[in-house]
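Everything on this sheet refers to the single structure shown next.
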Amino acid sequence: MTSNNFSLMHGFTEPNLLVLLSLIDSPKHGYGILTDIQNTFHITIGPGTLYGAIKNLCDRQLIEPLPVTKRRKPYRITPAGHMLAVEHIALWSTVASVGTRRLKLA
């Protein structure tokens with residue numbers, strides 16, 4: 001993570017990252033994102049948390065809505081969102097590695 005990206009990362013929450021990671025493979029609507037997060041990460045987030053994260057990510061132009069199809073509003077990750085997800089995973093990979101070593105879990 002570079003210091004230039006601190007403002008993008010500041011205040012970034014786990015639900016935001018989970019939504020970005022869910023959208024890496026393909027666009028999804030809200031329920032699709034919820035079930036993907038639950039099935040992939042075994043984490044349950046509520047609809048309020050999900051739609052709060054979606055609003056935040058849209059406001060920051062990290063995801064964008066696509067045209068509504070069959071009453072479903074899909075979202076896709078933007079290039080900026082993809083880059084931020086990569087930076088977060090790199091950061092948290094380092095945190096997990098150091099934490100594992102210090103806790104003597106490995």
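Bear in mind that the values in this text are calculations on the coordinates, not laboratory data. All figures in this text were calculated on a predicted structure; none of them were measured in a lab. Note: ideal-geometry Cβ built from the backbone for every residue, glycine included; neighbour counts use all protein chains shown.
Among the helices of the chain, those built from whole DSSP H runs whose Cα atoms reach 24 Å or more along their own axis and whose mean Kyte-Doolittle hydropathy is at least -1.0 are 79-102.
Once backbone amide H atoms are built at 1.01 Å from N, L66 has Y75, R76 as its partners under 5 Å, excluding neighbours fewer than 5 places away on the same chain. Taken over the chain, the percentage of Cα pairs per 10 Å bin, counting from 0 up to the bin with the maximum distance, is 14, 44, 30, 10, 2, 0. For the chain, the tally of Lys pairs with Cα-Cα distances below 27 Å comes to 5, considering only residues 8 or more apart or on different chains.
For the chain, what does -39500 (n - 2.57) per DSSP helix run (n ≥ 4), summed and divided by total residues, give at 222 nm, in deg cm²/dmol to the nearest 500? So the helix-based figure for the chain works out to -19500 deg cm²/dmol. Candidates P79, W92, T40 compared by Cα position along the dipole of region 10-102: farthest toward the positive end lies T40, with charges placed on Cβ.
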